Amino acid sequence: MDEFTAGNFLFLGDENSFFSDGDDNAEARFNDLTKVLEVDTNGDTVGDMEITLSNVVHATLDETDFMVT
């Protein structure tokens with residue numbers, strides 16, 4: 001996934017956050033109800049992957065919880 005390492009990675013917050021358009025950054029938002037982290041890997045505003053994070057709550061999740069290398 002070369003697109004995932006292009007630009008910066010930004011954690012946007014909850015499911016009501018919108019992916020930015022045209023910035024080429026990877027962005028993620030978390031749905032506290034479904035426990036799904038949705039990730040736009042290439043900045044096109046479309047969620048490219050979903051990861052279920054069991055036993056995680058949005059209130060304790062922030063950008064320091066993610067490391068992209």
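Need the full-extension length gain, Val46 to Glu15, defined as separation in residues times 0.36 nm minus the C-alpha distance. One decimal, nm.
Roughly 9.8 nm would be gained on extension.
Which one, Phe66, Met49, Thr34, is farthest towards the positive end of the dipole of the chain when Lys and Arg carry +1 and Asp and Glu -1 on their Cβ?
Thr34
Exactly which chymotrypsin sites (Phe, Trp or Tyr not before Pro) in region 1-66 are in a DSSP loop and have at most 15 other Cβ atoms within 10 Å?
Loop-located and lightly packed - Phe18, Phe66.
How much of Thr60 can a 1.4 Å solvent probe reach, expressed as accessible area in Å² and rounded to 10?
Rounded to the nearest 10, that gives 100 Å².
Accessible area per residue, 1.4 Å probe, Å², for the chain: what's the number?
64
How are the alpha carbon pair distances in the chain distributed across 5 Å bins from zero to the largest one, expressed in percent?
With a bin width of 5 Å, the distribution comes to 4, 19, 31, 26, 15, 5, 0.
The values are calculated or read from the model by the stated rules, or taken from the named source; none is laboratory data. Just so you know, these numbers come straight off a predicted model, no measurement behind them. Because the Cβ atoms are built from the backbone with ideal geometry, glycine has one as well, and the counts that use them run over all protein chains shown. Areas reflect the complete protein model, heavy atoms only, side chains present, ligands, DNA and RNA absent. Shrake-Rupley method; radii C 1.70, N 1.55, O 1.52, S 1.80 Å.
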